[in-house]
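Each remark here refers to the structure printed beneath this line.
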Amino acid sequence: MMRQNELVERVAAYTADVDEMLLNRAYVYAMHKHRHQVRASGDPYFSHPLEVAAIVTDLKLDQDSVVAALLHDTIEDTDATRKEIDAMFGDNIGRLVDGLTKLKRIDLVSKKTRQGENLRRLLLAIADDVRVLLVKLADRLHNMRTLHFVPEEKRQRIAQETMDIYAPLAGRMGMQSLREELEELAFQALYPQGYSLIHEKLADLRKDSGDVIVEIEKTVVTSLADQNIEAQVISRNKRPYSIFRKMERNSISFEQLSDLIGFRVIVDEPEDCYTALGVVHRQWPAVPGRFKDYISTPKQNDYRSIHTTVVGPSYQRVEMQIRTHHMHQIAEHGIAAHALYKDGIFSPSDPGAMHSADSATNIDTESRSYSWLKRTVETLSDGEHPDDLIEHTRLELFHDQVFCFTPKGRLIALPQGATVIDFAYAVHTNVGNSCVGSRVNGRAVPVVTKLKNGDEVFVIRSENHVPPPAWENVAVTGKARAGIRRAAREARTQQFFDLGEKILVSTFQRAGHKFLHSQMENVLPKLARASVSDAIAAVGSGELLPEHVLTAVHPDYQKERSETNKPASGEGWFNLSGVANIMFRLPGRRRDKYAEATKKLTQAIPIRGAGGDTPVKIDPEFGAVPGDRIVGILKPGEGVTVYPIHAEALQQFEDDADNWIDLRWDIDTENPERFPAKLEITAINAPGTLAEIADIIGRANSNIANMFLSSPDSGLTKMELGIDVWDAKHLNRVIRDIRSLSVVTHVQRKT
Ligand code: MN
């Protein structure tokens, strides 16, 4: 295991004023926290964060990143807390460690799913500092290097994840050598046979062409030395995975591959590159069409190099890449070599910028990191794949998005501010429509909860549920809003249909007929409706009169009706249909008797309440309570409004006999709903009167819904109170109680 001072030395090698104390503290802290844990290899667990820290020093990342690497598994795997780390190492480092802890969620999620692209985006969205990504890549690299200790199944998953997420990410960040190592390790784990086959063939090839390689090396080095140019000529081992991909992509065998021998010629100055090119081309014939000058025209990610292929000494193709040391650094280490050092953000000459606890500096560093990532992201697109370009523009939008998961690991991308409701609709419209509750990360939360990156959302569903219209204002996605609106409309149509059906059954029965859907088919044109259900719903919504349906189906009904339902002359202003009509015209006790006798005959539609499954409203002026005799008035587009049969308001509907619907209450004792009624009270105009009345209403377990006070006159106040009660009995009790107050001179129900 690397010793404390070794690590310090590694950092000191590229950091001017290394904070030894900080590094030592982190070393000891992580070692202590992980002291009881061992890795799959049998090594003490601490060897892992230490190796990750070492890789981070290879990338020459700043000191905070090295500390974060040492601590990266402490919050997740030990009793360490963010608070403790903030206190010991400052919140700058705390934030990095926290970011790394959060990224662990992705590992958990990817257990269940393979969505490389989405997960890579999530990763970028969660990591709010690019150093978090770099340490994460170092973490993954070490895990891949020690993958052979891990059980087979887990090994496959980790390797696949590396192939899908981390290797491409490293590539996008311009870190080619890191990407290549991750790819090779993953390839080896995923396709061990393919790997060893190609590996062996490459070894054979190297053995066979060993003399050639030495010859080419020697030729280039000496020829350049003649021109006073010092060159490093490195024979490039082709990587099994890149060979494998080439074979797959072009459907060719290993033997058909060309360019299996490759060299890198590394010189000091850009001019030397062209001199070297001249040397190579003079020595061996160039293969036409294989020459590329990325020095005069760099790739968009700043990759610079001269590529050429020549026919070598034994007539095999030899690929040459000619570049300077600086160009080589950028090609290999991308972000780390290029952006960090060139821009001096984490420059060794100015290490204070990263170590300072001064918050202004931190913010500056952070924002520069962002712009740096953004810029990197912009320049990463090398223009070879048009898809990349789109993806990179999208990356900039990631801060506007949240990425959440279904329990099965499906990733759902939503706009920032999205709620569980949006999530449910994004999964499926049916899920949204039936969403009644949710658990986020295992905890029960309201459906209006705003989601965060990485949340795992379980939607609790109930099939008989209709999304409340108010959700439309909570939802931020168009899909959810449209879904809520449509569901509400459908539910209303269904309610109108149910009510319409009841009305029609009742209307037909009264006329001595049976209501059958099949009979309606034939009269649809007459009713100007497209379908039976459409016609029935129109009856429920008051747009189509039940009598019209009846006369359409039974044209002879018109006559019977004019006989039996003729308005009684001189019998007051009511013109009621059916039983309610007759009942009203009968006085007092006879009316009750009649009602009882006709109860079995009456086809009145049961009303279970105003908030239930029927689109029923209660007369807003007078109210209606169970126990009242009631009638319904069909109003176009609104359905039925319930009136107590004694309500004066009914007068205005006198001329529309066909709009009257017989209703009866059907309230069971469990019904929690209260019903409105209006009281007219005259009371003494004195302080405390209103309070006394309010108090007695409250004591009677009623509730004041609204109130109107008329201007006091001769010491008396007239008031109109809207109250909510269970039923007529309850209402009478409330009236009796109010009457018992000495301040009240008169009380009665408003009719
Ligand atoms: Mn780790």
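Tell me, what % of the accessible area of region 675-749 is carbon and sulfur with a 1.4 angstrom probe?
On the way: 2080 of 3970 Å².
Carbon and sulfur atoms account for 52 percent of the accessible area of region 675-749.
Given R0 = 45 Å, the distance between the Cβ atoms of Ala16 and Leu190 translates into a calculated FRET efficiency of 0.55. Pairs over the 27 Å Cα-Cα cut-off, from the set Lys102/Lys238; Lys514/Lys635; Lys136/Lys408; Lys514/Lys729: Lys102/Lys238; Lys514/Lys729.
Summing +1 for each Lys or Arg and -1 for each Asp or Glu, what net charge is found among the other residues whose Cβ lies under 10 Å from the Cβ of Arg290?
Numbers: positive: Lys292, Arg317; negative: Asp259, Glu319.
Taking every other residue near Arg290 into account, the sum is 0.
Using the structure shown, select from Lys60/Lys246; Lys33/Lys104; Lys83/Lys452 the pairs with a Cα to Cα distance greater than 28 angstrom. Don't skip to the answer; put the middle values down first.
Details: Lys60/Lys246 33 Å; Lys33/Lys104 18 Å; Lys83/Lys452 21 Å.
Checking Cα-Cα distances, Lys60/Lys246 exceed 28 Å.
Under 14 Å from the Cβ of Lys479, count the other residues' Cβ atoms, weight Lys and Arg +1, Asp and Glu -1, and hand me the total.
+1
Cα convex hull of region 4-193: how many Å³ per residue?
Values: hull volume 22.2 nm³, N = 190.
Enclosed volume per residue, from the Cα hull, is 117 Å³.
When only the Cβ of Lys, Arg, Asp and Glu is charged (+1, +1, -1, -1), the dipole of region 399-476 relative to its Cα centre reaches about 240 debye. Local charge for Thr751 was computed over the other residues whose Cβ lies under 13 Å away, with Lys and Arg +1 and Asp and Glu -1, and equals -2.
For a label point 7 angstrom out from the Cα of Glu490 toward its Cβ, which stretches of region 423-444 have the backbone nitrogen within less than 16 Å? The answer is 424-436, whose backbone nitrogens lie closer than 16 Å to the label point.
Computed on region 195-338, with alpha-carbon pairs under 8 angstrom and 6+ residues apart, the relative contact order is 22 percent.
Which of the GluC sites (Glu not before Pro) found in region 471-526 are loop residues per DSSP with 11 or fewer other Cβ atoms within 10 Å of their Cβ?
Details: sites: Glu472, Glu490, Glu501, Glu521; in loops: none.
When the GluC sites (Glu not before Pro) of region 471-526 are filtered for loop state and at most 11 Cβ neighbours within 10 Å, nothing remains.
Give the ranking of Phe244, Phe46 by solvent-accessible surface, highest area first, calculated with a 1.4 Å probe.
Numbers: Phe244 45, Phe46 5 Å².
The residues order as Phe244, Phe46, largest area first.
The apolar share of the surface of region 154-307, taken as the fraction of accessible area on carbon and sulfur atoms (1.4 Å probe, ligands and nucleic acids excluded), comes to 47 percent.
Atom-type composition of the exposed protein surface of region 417-514 places 51 percent of the accessible area on carbon and sulfur (1.4 angstrom probe).
The largest accessible area among Asp658, Asp58 belongs to the first residue in Asp58, Asp658, and the rest follow in falling order (1.4 Å probe, all chains).
The values are calculated or read from the model by the stated rules, or taken from the named source; none is laboratory data. Values in this document were obtained by computation on a predicted structure and should not be read as measured data. Counting neighbours? That spans all protein chains shown, and the Cβs are built from the backbone with ideal geometry, glycine included. The area values use the complete protein model at the heavy-atom level, side chains included, leaving out ligands, DNA and RNA. Shrake-Rupley method; radii C 1.70, N 1.55, O 1.52, S 1.80 Å.
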